[in-house]
Each structure stands twice: as C-alpha cells, then as structure tokens.
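The values are calculated or read from the model by the stated rules, or taken from the named source; none is laboratory data. Computed from a prediction, not measured in an experiment: that's the story for all the values here. Every residue, glycine among them, receives a Cβ derived from its backbone with ideal geometry; neighbour counts consider all protein chains shown.
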Amino acid sequence: GESVGLHLPTLSVQEGDNSIINCAYSNSASDYFIWYKQESGKGPQFIIDIRSNMDKRQGQRVTVLLNKTVKHLSLQIAATQPGDSAVYFCAESSRGSTLGRLYFGRGTQLTVWP
Amino acid sequence: NAGVTQTPKFQVLKTGQSMTLQCAQDMNHEYMSWYRQDPGMGLRLIHYSVGAGITDQGEVPNGYNVSRSTTEDFPLRLLSAAPSQTSVYFCASNRRAGGTYEQYFGPGTRLTVT
C-alpha cells in the first residue's frame, strides 16, 4: 500500500536561512502531492501542491521539488521566518483514488530561531 | 464564509460513553472526511464522503460511524468510547479546482477517553 514518510522528524534553522523539508513515498502510482503546514493547536493548512507531470513548482517563498525516480519530494522555504515554525506534512494521492483521498506522512517539526 | 467548523473543541468521555463530533462546511464542497491525529503521527483517514448520502471507510474506521444527510454536515459518531480513541480529530472538505484537490481542515476536536 501507499507509504508516505519524512526523513527527519525535526529541523531547526536560523531566521533568514532557507529550509528544506524532505518526504519519501513508496507508491509508484502516486501522482499528486501536497504540502501542509500545521501550527500548534490548529488544523493543517494547504501550502502548495504538485502533480507527477511536473518536477518543480513555486509559490510565495516556497518551492516543491519532485523526483519520481527516487520517489522523493521536498519543500524549500526561502528566507525562513519565525512564523514558519510549525509541523509540515506531505500527503499523496494516487491515480484512480477516490476524489481527495490523501495519505499523510508523520510530519517534520520546523523550529526557526532568531 | 466560515470554512470548516467543528464542535466541540475539547471533550472528555468515560469508557463506554457515546458522543457525536460535529462538522460543517459552507463552501458547497462535495467531498468531506474525518481524520484522527495521534502524537508523532500524521493524519489517518477514518471515514469519508463524496456527496450527500454517500460514505465510505478510510484506514481506521472501527469504532466510528458517519452519515451525510446534507452537503454541509458530516458528523462523526463514537458508539462506545475506548481509551484508544483518545486523539485529535480533524474534519476536512475539499473541492476539485483545476485538477487539484485543495483540502480545507477544521480547527480540530481534542478528545480524551478515560
């Protein structure tokens, strides 16, 4: 079955530095991936998504990279700010799966220090 | 536009008690789902619905029931609470826009079963 996980459970970066959060998946049929941000005491919040026909997608201060060969995706946050401190989850869905049915990884805790 | 709302925010139950977690969305989304989140874990799908009158099981459905009588509401029922159901529960809804599934989460219900 599908398996989505993260390489590192925690990541600490200095304010202003770039952050890279990694995610691995095992289902070769996965064709859609989302990154979520979850702040303490809140529900996950959509950040950015990418389809398997793309290698890279950029948003505001965030970039998602997808490497289908090694089944790996990453979230890059530029100029990390204290407000970026949160848990980040990747989620995946596979072609033919029920609309919106997502499988989540365990999450990475990002801490930004001044 | 309130998005996805959940009530209550906190609940303590004794083993064997039953209760209903409420979820409502005002975005006219067809797809709604319930997840549970345990410490150090990602979100696991309990039940989902692709429209009024249609529900199906997710990864961890045992001990939970759902119904979808309207597009807006998707309550989750715990029939006989067990300590293993102590968790944070998130309701989500999503639409399909441009081939992507942007999922919106509620603020969560923190449930403790003693």
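Quick notes on this structure:
- When region B:30-50 is filtered for residues that are small (Gly, Ala, Ser) and modelled with pLDDT under 90, the ones remaining, listed by number, are B:40, B:42.
- Residue in region A:83-98 that is more than 14 Å from chain B (Cβ to nearest Cβ) and either under 16 Å from the mean Cα position of the chain (by Cα) or closer than 22 Å to residue B:88 by Cα (or both) present: yes
- Just so you know, in region B:68-97 the residues that are assigned to a loop (DSSP other than H, G, I, E, B) and under 11 Å from the mean Cα position of the chain (by Cα) include one that is surrounded by the fewest Cβ atoms within 10 Å (Cβ to Cβ), and it is B:75.
- Of all residues in region A:5-19, those that are buried (at least 17 other Cβ atoms within 10 Å of the Cβ) and part of a strand (DSSP E or B) total 3.
- Boolean, residue A:58 is more than 14 Å from chain B (Cβ to nearest Cβ) and within 19 Å of residue A:19 (Cα to Cα): yes
- Residue count, region B:47-67 (criterion: closer than 28 Å to residue A:9 by Cα and part of a loop (DSSP other than H, G, I, E, B)): 4
- Test result for residue B:39, farther than 15 Å from residue B:67 by Cβ and either within 10 Å of the chain's Cα centre (by Cα) or free of Cβ contacts under 8 Å to residues at least 24 places away in the same chain (or both): yes
- Taken over region B:49-59, the criterion of being surrounded by fewer than 16 Cβ atoms within 10 Å (Cβ to Cβ) and either more than 14 Å from chain A (Cβ to nearest Cβ) or in contact (Cβ under 8 Å) with a residue 24 or more places away in the chain (or both) is satisfied by B:53 alone.
- Top-ranked residue of region B:18-29 - restricted to ones that are assigned to a loop (DSSP other than H, G, I, E, B) and either surrounded by 15 or more Cβ atoms within 10 Å (Cβ to Cβ) or of a type in the set (A, V, I, L, M, F, W, C) (or both), ranked as farthest from the chain's Cα centre (by Cα): B:27
- Qualifying residue in region A:33-51 (condition: among the basic types (Lys, Arg), out of contact with any Gly (no Cβ under 6 Å at 6 or more places or on another chain), more than 15 Å from residue A:109 (Cα to Cα) and in contact (Cβ under 8 Å) with a residue 12 or more places away in the chain): yes
- Identity of the residue in region B:37-46, within 11 Å of chain A (Cβ to nearest Cβ) and assigned to a strand (DSSP E or B), that ends up surrounded by the fewest Cβ atoms within 10 Å (Cβ to Cβ): B:44
- Selected residue (only one of A:37, A:71 is on the phi > 0 side of the Ramachandran plot, buried (at least 17 other Cβ atoms within 10 Å of the Cβ) and under 15 Å from the mean Cα position of the chain (by Cα)): A:71
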